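What follows draws every value from the coordinates through simple rules; no lab data is involved. All values derive from a computational prediction rather than experimental measurement. Quick reminder, even Gly has a Cβ in these numbers, built from the backbone with ideal geometry, and neighbours come from all protein chains shown.
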Amino acid sequence: MIEYYQYIKALHLIFVITWFAGLFYIPRLFIYHIEATKKPEPENEILSTQLKLMTKRLWTIITWPSAILASLFAFLMLYLSPGWLSQGWMHVKLGFVLLLYAYHIKNHFIFKDLQNDIVKWSSNKMRLWNEVSTLILFAVIFLVILRDSFNWIYGVIGIFLLAGMLMLGVKVYKRIRARNPNA
């Protein structure tokens, strides 16, 4: 089985990418759905129906299967190379993977609510929520690429700076939309 390690790793990366694609896009669809609920009829009904269908297909056909397959191939890689589990950077990475699953599960609850026409989030809060997966992606990529050469102080500062820049970007976009609703 060890001779197939690189194939397993490639499949893991492919499904991580498709999982993140789903996690990047699903909150965007949630934003559109939340904003559609504010529209007058029949626009509200038409948009909400279409967005429910789009989110259902993305969530059940791409995002969930990708999460499961990415995890399956990750477990297989760890089984074939158990030495990774003794390294500190891997422990931190697995912590971020747990955060990613928590984010994924929370998105599942939001998905279920919106499928049942329950809107608990504003579109602005959802825009900020949308950036959580970006922060996790940055953290995991830097951990995997830099591993032991990763300077934790600079890494933590970098993640906070990125979070600040993302939040600033959301605020700037909110102001632009306030001036021009079609932006």
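Below are the figures for this structure:
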item: Test: residue in region 1-17 that is among the polar types (S, T, N, Q) and surrounded by 16 or more Cβ atoms within 10 Å (Cβ to Cβ); result: no
item: Test result for Met54, among the hydrophobic types (A, V, I, L, M, F, W, C), touching a residue at least 12 places away in the same chain (Cβ under 8 Å), in a helix (DSSP H, G or I) and closer than 30 Å to Arg28 by Cα; result: yes
item: Residue among Leu94, Leu99 that alone is part of a helix (DSSP H, G or I) and over 14 Å from the mean Cα position of the chain (by Cα); result: Leu94
item: Checklist (1) closer than 22 Å to Thr134 by Cβ; (2) of a type in the set (Val, Ile, Thr); (3) touching a residue at least 24 places away in the same chain (Cβ under 8 Å) applied to Ile105, failing item; result: (3)
item: Residue, surrounded by the most Cβ atoms within 10 Å (Cβ to Cβ), within region 18-63, restricted to residues that are β-branched (Val, Ile, Thr) and within 18 Å of the chain's Cα centre (by Cα); result: Thr63
